[in-house]
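> Sharing a structure here in structure tokens format.
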Amino acid sequence: MIKTVENDVMKLNLEDDLIAKNVKTLNMKLMDMMDEFDDVSEVVLDMATVKNIDSVGVTFVINLYKKVSDTGGNFRVVHSSEDIRQLFKLMKLEDFFDL
């Protein structure tokens, strides 16, 4: 996961699929940047390179949304594939993630 901050927007670019074997590493990286969520008004999760997502990956996105929301920030998912957008819609999550 590559983090960039411009103005008061943090962008998180995922480099791998959001599947169980990758989420542990992502969670550790996320823990290191938790304090920075207070300093931004929005966190954008860029899923351009994500081709696969499993239930653990969906839980990762939900938890990230909750953490950002708890600090008063906005959260968006961008550049997700049509399949992933359909999955979020099926799970009725599209409004939360501002797809």
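> Using the number of other C-beta atoms within 10 angstrom as an exposure proxy, rank Met31, Met1 with the fewest first.
Neighbour counts put them in this order, fewest first: Met31, Met1.
> Arrange Asp16, Asp38 by Cβ neighbour counts within 10 Å, fewest through most, would you? Each step should come with its number before you reach the end.
Details: Asp16 16, Asp38 10.
Ascending number of Cβ neighbours within 10 Å: Asp38, Asp16.
> Calculate, in nm to one decimal, what Lys3 and Gln86 gain on full extension: separation in residues at 0.36 nm each, minus their alpha carbon distance. It would help to have the intermediate numbers written out before the result.
Details: separation 83, 0.36 × 83 = 29.88 nm, distance 2.59 nm.
Answer, rounded to one decimal: 27.3 nm.
> Placing unit charges on C-beta atoms (Lys and Arg positive, Asp and Glu negative, everything else neutral), compute the dipole magnitude of the chain about its Cα centre in debye, rounded to 20.
400 debye
> Can you find, among Leu87, Asn74, Met31, the residue farthest towards the positive end of the dipole of the chain? Put +1 on the C-beta of Lys and Arg, -1 on that of Asp and Glu.
Of the candidates, Leu87 comes out farthest on the positive side.
> Using Cα atoms only, what is the angle between the long axis of helix 20-32 and the major principal axis of the chain, expressed in degrees (0 to 90) to the nearest 10?
10 degrees
> Among the listed pairs Lys29/Lys89; Lys51/Lys89; Lys3/Lys92, give every one whose C-alpha distance is greater than 25 Å.
Lys29/Lys89; Lys3/Lys92
> Could you tell me which residue out of Phe96, Met10, Val56 lies farthest along the dipole of the chain toward its positive end? Charges go on the beta carbon: Lys and Arg +1, Asp and Glu -1, centred on the Cα centre.
Val56
> Could you give the C-alpha radius of gyration of region 13-63 expressed as a fraction of 2.2 N^0.38 Å, taking N as the number of residues it contains?
Scaled against compact globular proteins, the figure is 1.14.
> How big is the C-alpha Rg of the chain next to the rule-of-thumb value 2.2 N^0.38 Å, as a ratio? Before the final figure, lay out each step's value.
Numbers: Rg = 12.4 Å, N = 99, 2.2 N^0.38 = 12.6 Å.
Taking N as the residue count of the chain, the ratio is 0.98.
Coordinate-derived values only; no laboratory data. On a predicted model such as this, the values are computed, not experimentally measured, just so you know. No Cβ is skipped: glycine too gets one built from the backbone with ideal geometry, and neighbour counts run over all protein chains shown.
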